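First up is the structure itself, then whatever we jot down about it.
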C-alpha cells in the first residue's frame, strides 16, 4: 500500500511539473500572432470575407490548467455586393477558461467575457438580400454535416451537456446599424451596454441592457433599457427571468402625441421539458394607462393552449386621447369619458378564445358578460353581455356656436336650386350600412340593457338578440319597456346581393306617446296610448333610397289622447266667424283635438303612405278621413269628414250656428314643416240658408194660398 501511495504521489508531482512547465513555456514558445495570416485565410475560405487582426493576440496558461485569451482590434469585411463599410468591427476582447473543472466535474468555468466598442453593420439591399445570409448559409452547411456524423439523441446531448459557470459578460459602447434599402429605412443602436453578472447554472444572476435608438422611417429617437434576474438551467431546459423590466423613452413626430414613455415588467418562466410558459406579475404602463396581466401557456410545441387574465386600472379616456394627440370634441357633459377600467379572464387555443368573464366600466355604465371568438380565419363571434345602463345623450357632442351674420353669409353663398341641392346631398350622403363588414360578419349574441337613453327617449329592460351570417344580419328581436308600454322589433338586413335589403316588423303596445314626445321634443303635441304594428321592406344604402323604396303595411290604434296641432274646433270657429263677417275669436277656449279612439290602416308604396279608413271618436265629434303622406317629397294631403256631436261656441258669450249632427270636410295639406288646415263649412251654412229660405217661402205660400201649396218649394 505504501508503495502504491508513493507511486501516486510521484505521478501527481509529475503532472504538476508538466502543468507548471506548460504555463511557463507555452506563452514563451508559442506566439499566436504568428498565426494571424493563417486564421484570416481560414476565415476567407469558409466565408469569402476578409478578417483583419490589427491588434495582438495574447494567450496565457496558468495553474490549475486554465487559459486566458486577449484580442486586439479586429475587422470583418462586408459581403460581396454591399458597401465597403465593415460588417463587424471590435476594438478588443478577453476571455478566461478553466480546463480542469471540465475534466473532473463536467463543469465549464469561464471568466468574465469582455467586448469593447463592437460595431455591427446590417443591410438589406433593394433586391431583398441581407449581408449576413452567406454566413447563415455556411453555418447551416456545417451544422448539417455535424448532424450527419452524430447519432446521439437530443436527450443524450442534454444529459451530457456540461454545467456552465461564467463570471460575467461586459459589452461596452457597442453600435448596431440596420439599413433596409427596400423600405428606405435606417435604424441605429448606439451607446449600447450589456452587463451580465456571475452566471452559474440554476443560480440567479443580473442582466442589464441599455441603448440609444435612432430611426429614420419612422422618425424616432430615444432610449431603451432592460433589466432582469434570470435563472438558466440548460440541463433541465428551464429558463426563468424574474423581476424583468424594460422601458422605452421615445420622441418622434410619428408617435401619437409626439412622445411616449412605456414600461413593461413581470416574471417569465419557460419549462422546455413540460412545454409551458408562464408570465406573472405583468405590468404595462404607457400614456397614463396601466395594464396588469397573468398568462399561462401549455403544450407550446404541439396543441398550444393558454389562459390568463388582464386588468386595466382606472384611467381617463379623455386624458388618454389628448396624450395621443387626438383630443376628443367637447361634449355636453363635462364629466363624460372621464373614468374607465376593465378586467378580462380568458382561455383559448390556436383556433378559439373564450372571455369567460368580462367586466368593464365607463363613467356610470357597467358591462358584464362573456364572449367567444372561434375559427380565426373566418371568425365567429358569440357574446352574452349585460349593461346596467347606456345613455348615448351623455356622450353627445356639444354644438358649435355659429354667429347669425356668418349663417346669413353662408346662406347667401348657396346658389343651388332646391332640386340641385337635394341631388347633391343625395350623392354626398354616406352609406347607412357597411356592406363589406356585414358580409364578413358571423355572430350570434345577446345584449341586455337595464336602461337605454337615446335622443332623450328612454327604454328599460332592453333585450337584443343579434345574429349574422355572411351578409344576412338579424335583429330578432329587440324587446323593451317603453313609456308604460312595450316594443317588440324584428329586423333583417340582407347585404348578400348588390343592393342591401331591409325588413322591419315592429309592434308597439300601450306606449304613452305624450310622455315620449315630452322627453324628446319638450312638448306633448300628441298624446294617447299607442298600439301600432308595422311590416315594412325597403332597399338601398342611403337615407333617400331607403325612404323612396319603402313598401309595406301598418295598423294603428291610439286611445284617450289629443293632437295639439290638429285644432279642429278652433278652425271651425274661425271659419264660422269669417263666413258671417264677424271678428275672429281669440283662443280662449281649449285649443286641441281630443279623442277617445283613433285608428286606421296604412299602405306604404315607394315611400308614399296611403290611408283610406282613418276614424276617430270623441265626446265632441266623429271623424273619418283619407289621404296620403309623400315622405320622399315631405308632403301631406289629407281630407277629414267632421261630424259634430254637440253645439260649439264662437267664444264664451256667443253661441254659433248649431252644427250638431252636421258633417263637413276638413283638409290638411302642405309640406311637413308648413301644414295648413281648413274647415269647409260654407256648404253647411249654405244649406242652412236654403232651408230657412225654403221654410219661410213655403210658410208664406201656405198662408196665402192654403194647404195645397204646403211644402211646394224645395231647393
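Descriptive notes on the structure:
- Candidates in the stretch 99-120 are the residues that are in a helix (DSSP H, G or I) and surrounded by 15 or more Cβ atoms within 10 Å (Cβ to Cβ); of these, the one that is modelled with the highest pLDDT is 101.
- The listed residues are 95, 123, and the only one of them that is closer than 26 Å to residue 211 by Cα, touching a strand residue (DSSP E or B) at 6+ places or on another chain (Cβ under 8 Å) and modelled with pLDDT of 85 or more turns out to be 123.
- Residue check for residue 180: without any contact (Cβ under 8 Å) to a residue 60 or more places away in the chain and either over 22 Å from residue 78 (Cα atoms) or surrounded by 15 or more Cβ atoms within 10 Å (Cβ to Cβ) (or both): yes
- Matching residues, the stretch 238-274, being within 19 Å of residue 307 (Cα to Cα) and surrounded by fewer than 16 Cβ atoms within 10 Å (Cβ to Cβ): 274
- Within the stretch 229-239, being over 17 Å from residue 166 (Cα atoms) and not in a loop (DSSP other than H, G, I, E, B) holds for one residue alone: 238.
- Hey, residue 561 modelled with pLDDT of 75 or more, in contact with a helix residue (DSSP H, G or I) (Cβ under 9 Å, 6 or more places away or on another chain), on the phi > 0 side of the Ramachandran plot and surrounded by 17 or more Cβ atoms within 10 Å (Cβ to Cβ) or not: no
- Qualifying residue in the stretch 619-641 (condition: at pLDDT below 95, part of a loop (DSSP other than H, G, I, E, B), farther than 30 Å from residue 544 by Cα and out of contact with any helix residue (DSSP H, G or I) (no Cβ under 6 Å at 6 or more places or on another chain)): yes
- Residues (surrounded by fewer than 17 Cβ atoms within 10 Å (Cβ to Cβ), within 18 Å of residue 383 (Cβ to Cβ) and within 18 Å of the chain's Cα centre (by Cα)) located in the stretch 332-352: 343
- On inspection, residue 229 does not qualify as modelled with pLDDT of 95 or more, surrounded by 15 or more Cβ atoms within 10 Å (Cβ to Cβ) and in contact with a strand residue (DSSP E or B) (Cβ under 9 Å, 6 or more places away or on another chain).
- Strands (runs of 3 or more DSSP E) completely within the stretch 421-490 that count 2 or more residues being closer than 20 Å to residue 531 by Cα, modelled with pLDDT of 95 or more and out of contact with any helix residue (DSSP H, G or I) (no Cβ under 6 Å at 6 or more places or on another chain): 457-469, 472-482
- Residue match in the stretch 568-585 (condition: closer than 30 Å to residue 493 by Cβ, surrounded by 14 or more Cβ atoms within 10 Å (Cβ to Cβ) and either in contact with a helix residue (DSSP H, G or I) (Cβ under 8 Å, 6 or more places away or on another chain) or modelled with pLDDT under 75 (or both)): no
- If you check 517, 508 for being assigned to a strand (DSSP E or B) and either at pLDDT below 95 or within 20 Å of residue 460 (Cα to Cα) (or both), only one passes: 508.
- Qualifying residue in the stretch 64-80 (condition: farther than 21 Å from residue 175 by Cβ, outside any strand (DSSP E or B) and at pLDDT 85 or above): yes
- Any hit, the stretch 216-223, residues being part of a loop (DSSP other than H, G, I, E, B), within 26 Å of residue 120 (Cα to Cα), modelled with pLDDT under 90 and not assigned by TED's automatic domain parsing to the domain that holds residue 88: yes
- Sole residue being touching a residue at least 40 places away in the same chain (Cβ under 8 Å) and in contact with a helix residue (DSSP H, G or I) (Cβ under 6 Å, 6 or more places away or on another chain), chosen from 337, 324, 328: 337
- Boolean, residue 200 is buried (at least 16 other Cβ atoms within 10 Å of the Cβ) and over 22 Å from residue 88 (Cα atoms): yes
The values are calculated or read from the model by the stated rules, or taken from the named source; none is laboratory data. Here the structure is a predicted model, which is why all the values come from computation and not from measurement. Cβ coordinates were reconstructed from backbone atoms using ideal geometry, including for glycine residues, and neighbour counts include every protein chain displayed.
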